[in-house]
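What follows draws every value from the coordinates through simple rules; no lab data is involved. Being a predicted model, the structure only gives us computed values, none of them experimental. Cβ coordinates were reconstructed from backbone atoms using ideal geometry, including for glycine residues, and neighbour counts include every protein chain displayed.
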């Protein structure tokens, strides 16, 4: 994934998006918000399980143990014992999560939990987490084998953000009857213009080349907006959004390069 230019559009709902992930964490352990907290946690798991699992696995745990610990980590979050006092003004959600994960793995008592997994909590099954595997954005096998756990976490985190934006773009296209357009153009959202054959795309879509250029421009602009919104869910300020987008794009470029 190449660098994503900043969209000139301002998201009026930025404040709402900026607190979304933090709200899930803070409300998840509250008795009165348990049902909503479970739903929010399920969403967090579905989006972010891969960087958590990869980090744990890269730290030397077996695949089965890494699966168990990944689920346990999210359960501990739901129970309110890790992130309830987190302050979103003191750092990015990504940074807080990996710090909390490291502390979680150090805690031998947590690792040796004998309590029946889930307690009374309706939780997302591992099979459901894996339903969207493999990820649409992957790191080369050599980099996977040699990169430190922290680097893999950041790559998978960036990929999760990008894929979530892509899923939203796909859903929007589906609802507007533009499924075929999405299928043809989604692989060109970050491609350099010199590497795009508008003639081939025109033939694939059955529309004139000027129309293809217009469609691709619209797709890229909308993708930038959606990517910005996904990033804004994990940081606090507008400046943080810009910095995080730059960091995540550089992470993806380094990981896939």
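Each of residue 183 and residue 102 was given a label point 7 Å from its Cα along the Cα-to-Cβ line. The distance between the two points is 4.6 nm.
Shown for 219, 73: other C-beta atoms within 10 Å of each C-beta, ranked fewest to most, produce the order 219, 73.
I need 61, 247 ordered by Cβ neighbour count within 10 Å, fewest first. Don't skip to the answer; put the middle values down first.
Values: 61 18, 247 15.
The most exposed by this proxy come first: 247, 61.
Note on 153, 55: ascending count of other Cβ atoms within 10 Å places them as 153, 55, the fewest first. In this rough spin-label picture, where each label sits 7 Å from Cα along the Cβ direction, the residue 217-residue 145 distance is 4.6 nm. Measuring between their Cα centroids, the range 158-208 and the range 44-60 lie 28 Å from each other. Calculated FRET efficiency, residue 203 to residue 175, Cβ-Cβ distance, R0 = 22 Å: about 0.25 to the nearest 0.05.
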